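The values are calculated or read from the model by the stated rules, or taken from the named source; none is laboratory data. Quick caveat: nothing in here was measured; it's all calculated off a predicted structure. Here the Cβ positions follow ideal geometry from the backbone for every residue, glycine too, while neighbour counts run over all protein chains shown.
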């Protein structure tokens, strides 16, 4: 009887020890579940050495659509480069910029689908990192707006009063944008099937290539003979990519 009672007490103690271990690990398990969201690695591409993995996953969670609102009607956005993610991380040290970036999340879609707060912030502060982030948003309307904001930044460049170091930084921003947008053209179909979505996607790709031309000082006749749709053969697109890469001289 005594031996049986001792065994019961020892068994109960082992259970209590196990429960204490699980309780100790629970916060770690919860953190891992919240940080490593399903599908994020596929969206963000290769790991970046210049930014924490948790930040990369968070950016992807904000910019992606977990609800698949348009049910695959548009090609997925090209993942941001590590170079852009590094700039974005630094920019989001500012509370206002971070707040406006978070408003791009799908959870705010019903409140402000056009993310007016975000785009006003980009325009007022000429926030290159935030504009570049929006060019990878799941919604192509947002991407188009961000590309037009980048175009406006570039057009107003002659009016910017800065130092030699500032000018060098702006020129490096141009190169960062060109590198990413070339990647967009290389990884995104120029044309897709459909009706309204096809028209919007055409406008998106046209705006991407127009932005590349503006930043590199080139002209590739993207819309052909005064037409509003992209009018470029596969060969002409390849030649344009080569021209944009030559501008980078890398």
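Given the conditions (1) in contact (Cβ under 8 Å) with a residue 60 or more places away in the chain; (2) out of contact with any helix residue (DSSP H, G or I) (no Cβ under 6 Å at 6 or more places or on another chain); (3) part of a helix (DSSP H, G or I); (4) over 23 Å from residue 128 (Cα atoms), report the number of the one that residue 239 does not fulfil.
(1)
Answer yes or no as to whether residue 97 is surrounded by 14 or more Cβ atoms within 10 Å (Cβ to Cβ), more than 14 Å from the chain's Cα centre (by Cα), modelled with pLDDT of 95 or more and over 18 Å from residue 176 (Cα atoms).
The answer is yes for residue 97.
Out of curiosity, is residue 176 within 24 Å of residue 101 (Cβ to Cβ) and surrounded by 11 or more Cβ atoms within 10 Å (Cβ to Cβ)?
yes
Counting only residues that are modelled with pLDDT of 95 or more and more than 20 Å from residue 180 (Cα to Cα), how many does region 66-91 have?
The total comes to 0.
Please go through region 82-94 and give me each residue that is loosely packed, with under 15 Cβ neighbours inside 10 Å and in a helix (DSSP H, G or I), ordered by number.
Of everything in region 82-94, just one residue is loosely packed, with under 15 Cβ neighbours inside 10 Å and in a helix (DSSP H, G or I), namely 90.
I'm told residue 206 meets every condition in (1) without any contact (Cβ under 8 Å) to a residue 60 or more places away in the chain; (2) under 16 Å from residue 144 (Cα atoms); (3) in contact with a helix residue (DSSP H, G or I) (Cβ under 6 Å, 6 or more places away or on another chain); (4) assigned to a helix (DSSP H, G or I) except one. Can you identify the failing condition by its number?
(3)
Based on this model, can you work out whether residue 46 counts as at pLDDT below 95, surrounded by fewer than 17 Cβ atoms within 10 Å (Cβ to Cβ) and closer than 18 Å to residue 138 by Cα?
The answer is no for residue 46.
What is the one condition in (1) closer than 26 Å to residue 156 by Cβ; (2) buried (at least 17 other Cβ atoms within 10 Å of the Cβ) that residue 237 does not satisfy?
Exception for residue 237: condition (1).
Across region 128-170, which residue is surrounded by the most Cβ atoms within 10 Å (Cβ to Cβ) among those that are modelled with pLDDT of 95 or more and outside any helix (DSSP H, G or I)?
Step by step, filter region 128-170, then rank; the result is 135.
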